[in-house]
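To start, the structure under review is shown below, and the notes come after it.
The values are calculated or read from the model by the stated rules, or taken from the named source; none is laboratory data. Because the structure is a prediction, the values reported are computed rather than measured. Here the Cβ positions follow ideal geometry from the backbone for every residue, glycine too, while neighbour counts run over all protein chains shown. Keep in mind that these areas ignore ligands, DNA and RNA; they rest on the heavy atoms of the full protein, side chains included. Shrake-Rupley method; radii C 1.70, N 1.55, O 1.52, S 1.80 Å.
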Amino acid sequence: TKFGAEIWVDGELKDTSSWSGRLSFGEHLMETKLALHRSQSRVINILPTESTKSISLPDPQPIYGSLSVEVLPDFSDIYIDGQKVGQTPKIIPKLLIGEHKVEIRSEGKDPMEQTVTIREGALSSVAGELKEETPKFQNELVFNVNGVQFTMKRVEGGTFLMGASDGNY
């Protein structure tokens, strides 16, 4: 079965992914379960003439919703739960239900981060526009005001005494 899927026999959890054990003769309900997936089941019959029997169980089926990502600028990178899945604009048709972290990144822009809840059969959306990248403070900043250029230099914080002291006028 699917990695991490639980194996249940007659309502009792046996193991995950695979199980080996003894069952009495007769019918048994075998189930596979996994979070955010539909459980699958199968009834098997163990006959007195069978000393060993190998059984394949169906994998739990994923439950999907969809996500529409319409964030400007176009061709921004889309990451879902840390994995790159494409570029904007994009519809992601098969996204497992539940909460997902969506991040949109583009060169020269501040990233956008949002948590989205995907519901079965529904289309969720992320929309907006990335803002210009917030400048990182450097040692020197240049401003233009009414055609006049000002250069400001970074000064570390500290203290100083302002004013005159006795004898220093």
Keeping to segment 53-84, report how many residues are within 17 Å of residue 120 (Cα to Cα) and open to solvent by less than 40 Å² (accessible area, probe 1.4 Å). 7
Would you say residue 97 is closer than 30 Å to residue 67 by Cβ, open to solvent by 70 Å² or more (accessible area, probe 1.4 Å) and modelled with pLDDT of 90 or more? no
Identify the residue in segment 107-127 that is surrounded by 10 or more Cβ atoms within 10 Å (Cβ to Cβ) and of a type in the set (S, T, N, Q) and, among all such residues, is nearest to residue 94 (Cα to Cα). 124
Residue, modelled with the highest pLDDT, within segment 128-150, restricted to residues that are open to solvent by less than 70 Å² (accessible area, probe 1.4 Å) and on the phi < 0 side of the Ramachandran plot: 130
Restricting the first residue to segment 108-134 and requiring it to be farther than 16 Å from residue 80 by Cα, which pairs with a second residue that is among the β-branched types (Val, Ile, Thr) meet a Cβ separation below 7 Å and a spacing of at least six or different chains? 110/134; 120/63; 120/97; 128/71; 129/71; 130/71; 130/104
Within segment 1-22, track down each residue that is surrounded by fewer than 16 Cβ atoms within 10 Å (Cβ to Cβ) and hydrophobic (A, V, I, L, M, F, W, C). 3, 13
Please verify whether residue 33 is within 23 Å of the chain's Cα centre (by Cα), open to solvent by less than 70 Å² (accessible area, probe 1.4 Å) and of a type outside the set (Ser, Thr, Tyr), treating the condition exactly as stated. yes
Taking the options 78, 55, 63, name whichever one is touching a residue at least 40 places away in the same chain (Cβ under 8 Å) and either under 18 Å from residue 98 (Cα atoms) or hydrophobic (A, V, I, L, M, F, W, C) (or both). 63
How many of the residues in segment 1-41 are under 13 Å from residue 60 (Cβ atoms), charged (D, E, K, R) and part of a loop (DSSP other than H, G, I, E, B)? 1
Of the conditions (1) modelled with pLDDT of 95 or more; (2) on the phi > 0 side of the Ramachandran plot; (3) not in a strand (DSSP E or B), residue 163 fails just one. Which one is it? (1)
